[in-house]
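Scroll down for the structure; my scribbles are underneath it.
The values are calculated or read from the model by the stated rules, or taken from the named source; none is laboratory data. Since we're looking at a predicted model, the values are computed, not measured. Virtual Cβ from ideal backbone geometry, glycine too; neighbours counted across all protein chains shown. Heads up: the accessible areas ignore ligands, DNA and RNA and are worked out on the full protein's heavy atoms, side chains in. Shrake-Rupley method; radii C 1.70, N 1.55, O 1.52, S 1.80 Å.
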Amino acid sequence: MHMNRINGNDLLTIGFNQGKILGLALEVLEKNYQDTDRETVLTIMKNVAEKPELYLDHEILEDLATKIIEDANAPKDDTISLNETAMPFNIYGQEHIDEGAVRQMDTAMRLPVTVAGALMPDAHQGYGLPIGGVLAAKNAVIPYGVGVDIGCRMALSVFDIPESHFVNNADIYKRELIDHTRFGAGHGFVRHQRAEHAVLERNEFNMTQFIKTLQDKAWSQLGTSGGGNHFVEWGIIEFAERDEVLNIPAGRYVALLSHSGSRGLGATIAGHYTRLAKDICKLPKEASNLAYLDMNSSEGQEYWLAMNLAGDYASACHEIIHNKLTKAIGGQLLARVENHHNFAWKETWNGEDVIVHRKGATPAGKGVMGIIPGSMTAPGFLVRGKGLEDAINSASHGAGRQMSRTQAIKSISHQEMDAILKANGVTLIGAGRDEAPMAYKDINMVMDAQKKLVDVVAKFSPKMVRMADDGSKED
DNA sequence: ATGTCC
């Protein structure tokens, strides 16, 4: 479509600055220069950026040149200052957390809108707010405080099926798992295989032209899982004692556990509103990824609706996966539990109405159930929150990585990977060594570090795991 | 985590 193939990065290289001007320049390119060759266009755009006064009568570039001059003469003191000292925050399991994550949290605690913060024991560095970071803000929402995969969540189905049924019919469980799940970045269902769900009819899709354009892809990706650390797995869940709330007697049951988010829909929404927030809310460089939107502004309200749409879409994806597989194995459902761990909520903290951002953190209000996975061989836990205000009613969202993906691929051999799967009786479909159990922290240590935050209700042991195929080119 | 446009 774009003959000249010039993108925002090219414009940044030849002297354009991030912001509205860049957007306008890209629009001009799209409308007027699609068929002009790349070098010519780059030369023209470079000249406009350097000497806009020469283009004030140019039939195509007049408007862009005017805006560049206006922008250059606009007062430049619109940067919002951070507070000099960071507000204190609690860290759970500090011995497991890298310095970078603490430093990022410290920066977040200096935002003028910050009310409270906490760091969970699986925390590590991310964009803006660290993964495992919880931040309560006053009347503001931070797109990168939610993260790229809006509404990424866990869902668990417990079946009235004994362990022996799984052991004796493993081939059927495997076939159905492969048949009903889809993995990989960009992947979706072909038209006749597409799922239906009421979330596709939601009015929010008509809210703006931008969101409308995402609707068809959202349909094709409905019920898919994506890539990275996302999975769908069969396992055995063990209730050491009867759970009165779920009404499940002590015992071992077949269960289905899934981890995924809002796919391309959420990622595109996250990118769009982060850019918008950065345009509106100019923060010092070390905090620029924490740009926030006022909840009373139209942009803030728009993000809030779009974020909730992506969250409900992520939930619908899990619902479709679980419904298909429940039907496929003819299971009777005893309980289904699910929770977002990349999201923002309107909550009360210390008597104050706040926006709580959990970026890789499990909601753990008093009595609230959640799921904290371990790794493809280590157990995950069904938990019940204790509602600790110091932790902003939160807990970790997993074990957390102890190796980067590249480090894991370099240091873990195929033999080691096979051995640990075999030792744990786990069948793996897909995945690379970057998702190997050794790349993750010891989940038991992480659970120990958050004993004040959650009670364990049941222990889930993975038995058959499906993840995206290995994307690495390494041997 | 996403997927060929900041």
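Can you tell me the accessible area per residue over segment A:32-156, all protein chains present, probe 1.4 angstrom, in square angstrom? Walk me through the numbers on the way to the answer.
Numbers: 5990 Å² over 125 residues.
Accessible area per residue: 48 Å².
Can you tell me which lysines have their Cα less than 29 Å from the Cα of A:K278? Leave out same-chain residues fewer than eight positions away.
A:K20, A:K31, A:K46, A:K51, A:K67, A:K76, A:K138, A:K212, A:K217, A:K346, A:K359
With only Lys, Arg, Asp and Glu charged, each at its Cβ (+1 for the first two, -1 for the last two), find how big the charge dipole of chain A is about the Cα centre; round to the nearest 20 debye.
Values: 48 positive and 61 negative charges, 232 e Å.
The calculated dipole for chain A is roughly 1120 debye.
Heavy atoms only, probe 1.4 angstrom, no DNA, RNA or ligands counted: give me A:W304, A:W219 ranked by accessible area, highest first.
Details: A:W304 35, A:W219 65 Å².
Ranked list, largest accessible area first: A:W219, A:W304.
So what are the ³J(HN,Hα) numbers for segment A:87-93, from phi and the Karplus equation (6.51, -1.76, 1.60; θ = phi - 60°), rounded to whole Hz, Gly and Pro as x?
Values, residue by residue: 5, x, 8, 8, 10, 9, x Hz.
Show the residues, 5+ positions off or on another chain, whose built amide H is closer than 5 Å to the amide H of A:G126.
Those qualifying (amide H under 5 Å, at least 5 residues apart or on another chain) are A:I131.
Are there any helices in chain A, counted as whole DSSP H runs, that stretch 30 Å or more along their axis by Cα and score at least -1.0 on average by Kyte-Doolittle, and if so which?
Numbers: long enough: A:298-329 (47 Å, -0.22).
The qualifying helices are A:298-329.
Straight-line reach from A:K463: which aspartates and glutamates have a Cα under 16 Å away, not including same-chain ones fewer than 8 places off?
The qualifying aspartates and glutamates are A:E163, A:D171, A:E176, A:E233, A:E238, A:D418, A:E435.
Roll a 1.4 Å probe over the protein chains and send me the accessible area per residue for segment A:240-325 in Å². Mind dumping the intermediate values first?
Numbers: 3240 Å² over 86 residues.
Accessible area per residue, segment A:240-325: 38 Å².
When the helices in chain A are scored as -39500 (n - 2.57) per DSSP H run of 4 or longer and the sum is shared across all residues, what 222 nm value do you end up with, to the nearest 500 deg cm²/dmol? Walk me through the numbers on the way to the answer.
Numbers: 15 runs with 159 residues, N = 475.
The helix contribution divided over chain A gives -10000 deg cm²/dmol.
Can you put A:Y55, A:Y303, A:Y127 in order of accessible area, largest first, using a 1.4 Å probe? Write down the numbers at each step before the final one.
Working: A:Y55 40, A:Y303 0, A:Y127 145 Å².
Ranking A:Y55, A:Y303, A:Y127 by accessible area, largest first, yields A:Y127, A:Y55, A:Y303.
How far, in nm, would the chain grow between A:K217 and A:I172 when pulled straight, counting 0.36 nm per residue and subtracting the alpha carbon separation? Spell out each step's value before the answer.
Values: separation 45, 0.36 × 45 = 16.20 nm, distance 3.07 nm.
Taking 0.36 nm per residue and subtracting the Cα distance, the gain is 13.1 nm.
Over chain A, what percent of the accessible surface lies on carbon and sulfur atoms, probe 1.4 Å?
Working: 10630 of 21800 Å².
The value for chain A is 49 percent carbon and sulfur by accessible area.
Report the relative contact order of chain A, percent, no decimals, based on alpha-carbon pairs under 8 angstrom and at least 6 residues apart.
Details: 1009 pairs, mean separation 87.1, N = 475.
Answer for chain A is 18 percent.
Once Lys and Arg get +1 and Asp and Glu get -1 on their Cβ, which of A:I69, A:Y55, A:N17 lies farthest toward the positive end of the dipole of segment A:8-73?
Value: A:N17.
Of all DSSP beta bridges located in chain A, what percent are antiparallel, nearest 5? Numbers along the way, then the final one.
Details: 66 of 73 bridges.
That works out to approximately 90 percent antiparallel.
Given a cut-off of under 8 Å on Cα pairs at least six residues apart, what relative contact order in percent is computed for segment A:8-73?
Numbers: 44 pairs, mean separation 20.5, N = 66.
RCO, segment A:8-73: 31 percent.
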